[in-house]
1. How large is the helix-only mean residue ellipticity at 222 nm for the chain, computed as the sum of -39500 (n - 2.57) over DSSP H runs with n ≥ 4, divided by its residue count, in deg cm²/dmol to the nearest 500?
2. Give the distance, in whole Å, between the Cα centre of the stretch 322-337 and the Cα centre of the stretch 127-175.
3. Among 49/216; 33/272; 399/419; 267/348, which pairs are too far apart, with a Cα-Cα distance over 18 Å?
4. Please say if the stretch 6-230 is rounded, prolate or oblate, where rounded means a/c under 1.5 for a ≥ b ≥ c the square roots of the C-alpha gyration tensor eigenvalues, and otherwise the choice is prolate for a/b larger than b/c and oblate otherwise?
5. Starting from 0.36 nm per residue, how many nanometres of slack lie between residue 242 and residue 438 once their C-alpha separation is accounted for?
6. Which of rounded, prolate, oblate describes the stretch 268-313, given a ≥ b ≥ c as roots of the alpha-carbon gyration tensor eigenvalues and a/c under 1.5 marking rounded, otherwise prolate only if a/b is larger than b/c?
7. Need one number: nm distance between label points at residue 288 and residue 254, each 7 Å from Cα along Cα→Cβ, rounded to one decimal.
8. Towards the positive end of the charge dipole of the stretch 235-442, with charges on Cβ (+1 Lys, Arg; -1 Asp, Glu), say which of 387, 243, 265 has the farthest Cα.
Amino acid sequence: MQIKNLNIVLLCAGKSSRLKFNLPKVILPINGKTLIERTLYNLSKLNPKKIIIVTGFKSPLVVNLVKQLKYKNIKFVLQKNQLGTGHAVKRSVNSLDKNSTVLILNGDTPFVDISTIKSSLSFHKRTKSSLTIATSIPNDPKGYGRILRDNKNKILDIVEERDCNTEQKLIEEVNAGLYLADSSSLADYVNKIKKNKNSEYYLTDLVNIFSRNGLKVSSIPIKDGRKFVNINTFDDYQNAHDIDKMFIYEECIKNDIFLKDPNTFQKDFNVKIHKNVFIGPNVILKGNTEIKENVILEGNVYINNSVIGKSSRIKPFTSIEESILGSNTQIGPFANLRPGNKLENNVKVGNFVEIKKSKIKGKSKISHLSYIGDTEMGGNVNIGAGTITCNYDGVDKHKTVIGDNVFVGSDTMLIAPIKLGKNSTTAAGSVLSTNLPSNSLGVSRVKEKHISNWKRKKK
C-alpha cells in the first residue's frame, strides 16, 4: 500500500552505555551495515514525504553518516537532553506535516522489513484507529514493555519492565516499538505525557492517554518477533548477528540457494543473490555484489562490489573486486581480479592469474601464471603461461591492446603502450615493445650460446 502523506519519526538519540561502546547505538554495524543504514534502506521504499531523525548522543556522527547516504527528505531534530522516547517525539512534532500519517520507530530495530511496515499501515487505515501499535510474543520477554488488556481484550496500557509488578512480568505479549497515528492527534496527546518517577517521558504512555480519551487504540501482532529485536546489551548485539545470519539462511532456502556451510558464509546487506546458486564454505560477499542465476562459488571466495554473470564458476581462493563478469565465465583457483575489470561471456581465467583494469571479450583464455593490467583484449584470445603486460614505466600507466584471435606464447613480455593486431602470434619467451601487425608472428630472442668446458665458481 502507498501512503500519500507519510511522515516517519526515527528515534536515534540513545547512547550505547549498556553495550559499553562510546558511540551512538545506531551507527554500530551488523554484518557490514550500520543499524540506521539498514532501517533507512527499508523505509525509503515507502517513499515517505519526510523522515525525521531524532539525534542526541554524539549527534554529528549520526548526521554525517546519514548525509553520506544521500536520502531525500531527511530532517534532523536534536534531543539535547535524553529524557526518554516520549520527549524525543515531543521534540519532533513541530516538524510533522499537517494531516500526515506518522510512523514512529526505534532506530535500534534493524530487522523491521518493508512487508511488516506495509501490513501495519494497511491495518491502521482499515481499522480507522487513532493509534496503532505493533506487538509480539518473543521467546524471552525480558527487557520489553508488557501489553495490558481488559477482559474484552481492549488495550489499556503499556508498562515498561522496570515498572512491572510480579504479575505483569508474566505477560508474554510485549511492545514491538512501532507506532502509527495521525499528526494532529499525536501532536495533541504527546504533550500530555508526564515525567515519570525515573524523570523520563515514556512514549508508551500514549496508549493509556489515547484510551482514556476515548480514542481507538489497536494492535497488530507481529508473528516473527525477531524483526523487532532491540539491541541494548552486548549479548543483544551478538545475538543480532546470529539473527541476521538466520534471515540470510532462510532467504537462501526460499530462493533455492544452497549453502554448503551457513556458519562460514558472510553476506553484506546490499548483496543480491539470484536463484539456483551454490555457495561453498568460507565465501564472503561484500558491498553491492550481485550473483546471478546458476552460479557456483566453490569456497574460500571473496567478492566485493562485483557482478557475476549467469552459470559462471568461481573456483577456490579467488578474489574479485569491482569487476563485471559475463555469463559462463570461469575464474580461479587462486585468481585475483583487482578493480576495474569487465569480462564478457565464456572467458576463462585460471590459477595464479592477476587482472587489473582490463576489458576482455568473449571466449578468451588466460589459463595460468599471468599478469594482465590496463588491457583491452579481443575475443578468442589465448594467453600463454607467464605472460606479463608491462603497463607501468615507473611514472605512468600505459595500455596494451590485443586484437581478436591472438595467440600469445608462454613467457611473453608486452611492453606498453603496444598493440597486437588480430590473428597475430607471439613466440614463447619474446619481449615485444613495438606494435605487431595483424596476421604476423612476433619473435624477440637473444641468440642461444653453448659454452664448452664451463665450470661454476666454487665458494
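1. Details: 7 runs with 79 residues, N = 459.
The helix-only estimate for the chain comes to -5500 deg cm²/dmol at 222 nm.
2. Between the Cα centre of the stretch 322-337 and that of the stretch 127-175, the gap is 53 Å.
3. Working: 49/216 25 Å; 33/272 14 Å; 399/419 9 Å; 267/348 26 Å.
The answer is 49/216; 267/348.
4. On the way: a/c = 1.41, a/b = 1.26, b/c = 1.12.
Rounded.
5. Values: separation 196, 0.36 × 196 = 70.56 nm, distance 5.83 nm.
Extra length available between residue 242 and residue 438 comes to 64.7 nm.
6. Values: a/c = 1.71, a/b = 1.12, b/c = 1.53.
Oblate is the answer for the stretch 268-313, as a/c is 1.5 or above yet b/c matches or exceeds a/b.
7. Result for the modelled spin labels: 2.3 nm.
8. Checking the options against the dipole of the stretch 235-442, the answer is 387.
Since every read-out is calculated from the coordinates, none of them should be taken as a lab result. Since the structure is predicted, the reported quantities are computational estimates derived from the model, not experimental observations. Every residue, glycine among them, receives a Cβ derived from its backbone with ideal geometry; neighbour counts consider all protein chains shown.
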